[in-house]
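See structure below.
The values are calculated or read from the model by the stated rules, or taken from the named source; none is laboratory data. If you're wondering where the values come from, they're calculated on a predicted model, not measured in any experiment. So basically every Cβ, Gly included, is an ideal-geometry build from the backbone, and we count neighbours across all protein chains shown.
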Amino acid sequence: MGTPIIVQYRINAPLEKVWKALTDKNDMRSWYFDISDFELETGRQFNFYEPGNEKKYHHQGRILEIIPGQKLKYSWTYPELSSEKTFVTWELQPEGGGTLVTLIHDDIDSFKDLGEGFLRDSFRKGWNAIIGESLKLYLEK
């Protein structure tokens, strides 16, 4: 199973605004990925690619758990590269006038054989940039 990647940031925005950014596909397009088939419903599958026109790295997820305003968990796979599956969990907690965002990416070592871009350090850097820069800038503007 391995040690999960855990990334945590305090965002100066109310919990409701952060939850919407994590679960509304129109909001996600502004800071995360363009996930046109994302629907906030347990069991729903969604697909997306890295930004750009080259359709690089097909990501596929399935929503596993939703606790509105608190938790969103989904599987994370690269179906064209591996049969392995990892799990991404977003947890939100109100903190002062802002929100504490915790991301947990479990079983990440399942992808280590796919190459350098799939190593633990690459995912850790990616999540820190996505949350600590993109999400934070989007919500704190």
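Annotations for the structure displayed:
- Among the residues of region 1-14, those identified as surrounded by 15 or more Cβ atoms within 10 Å (Cβ to Cβ) and closer than 15 Å to residue 136 by Cβ are 7, 9, 11, 13.
- When restricted to residues that are surrounded by fewer than 16 Cβ atoms within 10 Å (Cβ to Cβ) and either more than 16 Å from residue 9 (Cβ to Cβ) or more than 13 Å from the chain's Cα centre (by Cα) (or both), region 129-141 contains 4.
- Boolean, residue 56 is without any contact (Cβ under 8 Å) to a residue 60 or more places away in the chain, surrounded by 15 or more Cβ atoms within 10 Å (Cβ to Cβ) and out of contact with any strand residue (DSSP E or B) (no Cβ under 9 Å at 6 or more places or on another chain): no
This table checks each residue for (1) basic (Lys, Arg); (2) more than 22 Å from residue 125 (Cα to Cα).
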{"residue": "3", "(1), (2)": "no, no"}
{"residue": "13", "(1), (2)": "no, yes"}
{"residue": "39", "(1), (2)": "no, yes"}
{"residue": "44", "(1), (2)": "yes, yes"}
{"residue": "86", "(1), (2)": "no, no"}
{"residue": "97", "(1), (2)": "no, yes"}
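- The set of residues in region 46-94 being within 23 Å of residue 128 (Cβ to Cβ), of a type in the set (D, E, K, R) and in contact with a Leu (Cβ under 9 Å, 6 or more places away or on another chain) consists of 71, 73, 84, 91.
- Flag if residue 7 is in a helix (DSSP H, G or I) and under 21 Å from residue 128 (Cβ atoms): no
- Scanning region 1-16 for residues that are modelled with pLDDT of 95 or more and in contact with a helix residue (DSSP H, G or I) (Cβ under 6 Å, 6 or more places away or on another chain) yields a count of 6.
Listed here are the residues, each with its yes/no results for (1) in a helix (DSSP H, G or I); (2) within 15 Å of the chain's Cα centre (by Cα); (3) of a type in the set (Lys, Arg).
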site	(1), (2), (3)
89	no, yes, no
99	no, no, no
103	no, yes, no
117	yes, no, no
122	yes, yes, no
127	yes, yes, no
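- Across region 25-48, the number of residues qualifying as within 13 Å of the chain's Cα centre (by Cα) and in a loop (DSSP other than H, G, I, E, B) comes to 5.
- Whether a residue is modelled with pLDDT of 95 or more, among the β-branched types (Val, Ile, Thr), touching a helix residue (DSSP H, G or I) at 6+ places or on another chain (Cβ under 9 Å) and closer than 14 Å to residue 5 by Cβ was assessed, and residue 86 passes this test.
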